[in-house]
Amino acid sequence: MFLVIMPVIVPFWKQQGLTLTQVFQLQGLFGACLLLFDAPAGYVADLFGRKPAMIIGSVIVALGFQVLWFGHTFVDFVLYEILLGLGIALQSGCDIAILFATVEKDGPTAAYVGQRLMYQTLGEGTAALIGGWLSLISLATVAHAQAVTAWIPVVLACWVYEPPGTRLERSSHLQNIKMIGKALFSHSRLLTLTILNFMVYGFATYCAVWCLQPYWQTRGWTVSSFGTLWAANAFAIALIAKYANHFELKYGPRRTLLVIALAPIVGYAVLPQVGAIGGLVAILAFPVCRGLAHVFFQDAVNTRVPPEIRATTNSIGSLGTRMLFLIFGPFLGHVIESRGIDSAFTTMAFVYLAAAFLIAWPLARELRRRA
C-alpha cells in the first residue's frame, strides 16, 4: 500500500488527456479483471501456497507500474489496469490467510487484523505525503517514483514465512468448488450475511476514495495538498483500525455494525452541504467505516471458514467489492461529470440508506438471534 501515486492519480490521468468518465472506466476495467482473476487466483494460492502467489503477484504489479511510468494513452493505461488486476488478484487474500495461520493458535485474531490494517494505512499515508511533495516537481515525477517503489513488495514477499498447514486437495477441483460454495453461502446464514456486508461496505469506502480527489478540487484544494489530505485520511484509518477490536469488545457486534452502516450515509449526505474545512470533518466518516468494517467483517469471516480456503474466501470478498464498482463506477463517473460531485454524493447517501435496511439490518437481526 506504499502507493505514492494514489493521492494524485486522477489529476495525473487528466493531465494525460483522460476524462473523468475514462478514469472511472479504467477502474471498472480493473474491477472486471478482478472479477475474472480474483477467485481463481485465490483458489490457486490455496492449492499451491500463498507465498508463491504473493511473490508472482508482486512482480506483475511492479511491471504494471512500469507501464504507468511510460504510458501516455488510454490504451496504455488499459494495459496498466489489466496487469494490476492480475497481480493484485494473486496477492489478494494471501497475506490475511498467512496472518491467520500464524496467529490463530495465540487466541483472538481481531487485534491482529486491526494491526495489519493500521500498518497498511500508515504505509499508505506516508506514501501519500511523499507523493504530494513530489507533485510539486511534476505529476510525472510521482509516477516515476511509484515505478521504483513498486519493487519493494517483491523483496518483502520473498521474506515472508508461510506456516505449514492444510491445503486444498489438488485431485478434485469440482469437489473443492462445491465445498467452498457450501461453506460460504449455504452452511451458515450468519457467514453469508457477513460476506455480503463485507462486500457492500467495502464498496462504500472504495467508491469514496475515487471521489475524494475531484471533491477536493471543487472545494479549492490544490493538487499539491492532495498528498497531505490523503495521508491524513490514511492515518485516521490506522487509528480506527488500532482500536476497532476494543470498540467491538466494549460496545458489542450489533452496535459496531450500526456505526459501520451509518458512517457512509452520514459522510455522503454531509459532504455536499459543506465547504473545504467542513468537508475534511465529514470525510472522517469513511475512515470510521473502513477501519471498523475491515476488522469486524474480515475477522468474522476468517474465523468461520476452513483454513484451507481462506485465500479463496478473501479473494471472493474483494471480488464482490470490485464487481460493485464495475457495475456502478462508470455510472458514478458520468454523474460527476454531468451533474457534479455533490449530486453523486447525494445519490450514494440514498444508496447506503437502502443498504442499511437491506443488507445491514438482516445481519443485525441474525446477531441478535444468536446472542
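The values are calculated or read from the model by the stated rules, or taken from the named source; none is laboratory data. All values derive from a computational prediction rather than experimental measurement. Using ideal geometry, Cβ is built from the backbone for each residue, glycine included, and neighbour counts are taken over all protein chains shown.
What to note about this one:
- For segment 312-350, the set of residues classified as of a type in the set (Ser, Thr, Tyr) and in contact with a Ser or Thr (Cβ under 8 Å, 6 or more places away or on another chain) consists of Ser315, Ser318, listed by residue number.
- Residue within segment 203-211 that is farther than 23 Å from Gln120 by Cβ, surrounded by fewer than 23 Cβ atoms within 10 Å (Cβ to Cβ) and either touching a residue at least 60 places away in the same chain (Cβ under 8 Å) or not basic (Lys, Arg) (or both) present: no
- When Gly123, Gly17 are screened for being surrounded by fewer than 17 Cβ atoms within 10 Å (Cβ to Cβ) and outside any helix (DSSP H, G or I), only Gly17 passes.
- In the condition set (1) in a helix (DSSP H, G or I); (2) modelled with pLDDT of 85 or more, Ala45 is compliant with all but (2).
- Among the residues of this structure, Leu326 counts as one that is out of contact with any His (no Cβ under 8 Å at 6 or more places or on another chain) and within 28 Å of Phe37 (Cβ to Cβ).
- Yes/no for Ala147 being buried (at least 24 other Cβ atoms within 10 Å of the Cβ) and assigned to a helix (DSSP H, G or I): no
- Qualifying positions in segment 213-237 - buried (at least 22 other Cβ atoms within 10 Å of the Cβ) and hydrophobic (A, V, I, L, M, F, W, C): Trp216, Phe226, Trp230, Ala231, Ala234, Ile237
- Selected residue (criterion: nearest to Phe2 (Cα to Cα)) from residues of segment 126-143 that are touching a residue at least 40 places away in the same chain (Cβ under 8 Å) and assigned to a loop (DSSP other than H, G, I, E, B): Ser135
- Among the residues listed as Val305, Val270, Val266, the single one being of a type in the set (Val, Ile, Thr), surrounded by 16 or more Cβ atoms within 10 Å (Cβ to Cβ) and either in contact (Cβ under 8 Å) with a residue 24 or more places away in the chain or within 27 Å of Leu29 (Cα to Cα) (or both): Val305
- Only listed residue being touching a Cys at 6+ places or on another chain (Cβ under 8 Å), part of a helix (DSSP H, G or I) and under 24 Å from Gly93 (Cα atoms), chosen from Ile309, Ile260: Ile260
- Checking Arg304 against (1) assigned to a helix (DSSP H, G or I); (2) under 23 Å from Leu196 (Cβ atoms), the condition it does not meet: (1)
- Residue check for Phe70: in contact with a helix residue (DSSP H, G or I) (Cβ under 9 Å, 6 or more places away or on another chain) and among the aromatic types (Phe, Trp, Tyr): yes
- Which listed residue, of Leu26, Leu3, is under 23 Å from Ala127 (Cα atoms) and either outside any helix (DSSP H, G or I) or touching a strand residue (DSSP E or B) at 6+ places or on another chain (Cβ under 8 Å) (or both): Leu3
- When segment 32-57 is limited to residues that are touching a Gly at 6+ places or on another chain (Cβ under 7 Å) and not hydrophobic (A, V, I, L, M, F, W, C), the one that is surrounded by the most Cβ atoms within 10 Å (Cβ to Cβ) turns out to be Gly42.
Matching residues to (1) over 26 Å from Phe325 (Cα atoms); (2) touching a Lys or Arg at 6+ places or on another chain (Cβ under 8 Å):
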position: Gly57; (1), (2): no, no
position: Phe74; (1), (2): no, no
position: Gly85; (1), (2): no, no
position: Ile88; (1), (2): no, no
position: Ala97; (1), (2): no, yes
position: Leu134; (1), (2): yes, no
position: Ala147; (1), (2): no, no
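- Among (1) modelled with pLDDT under 85; (2) at positive phi, the one test that Arg310 misses: (2)
- Flag for Gly279 being out of contact with any His (no Cβ under 6 Å at 6 or more places or on another chain), within 21 Å of Thr121 (Cβ to Cβ) and at pLDDT 90 or above: yes
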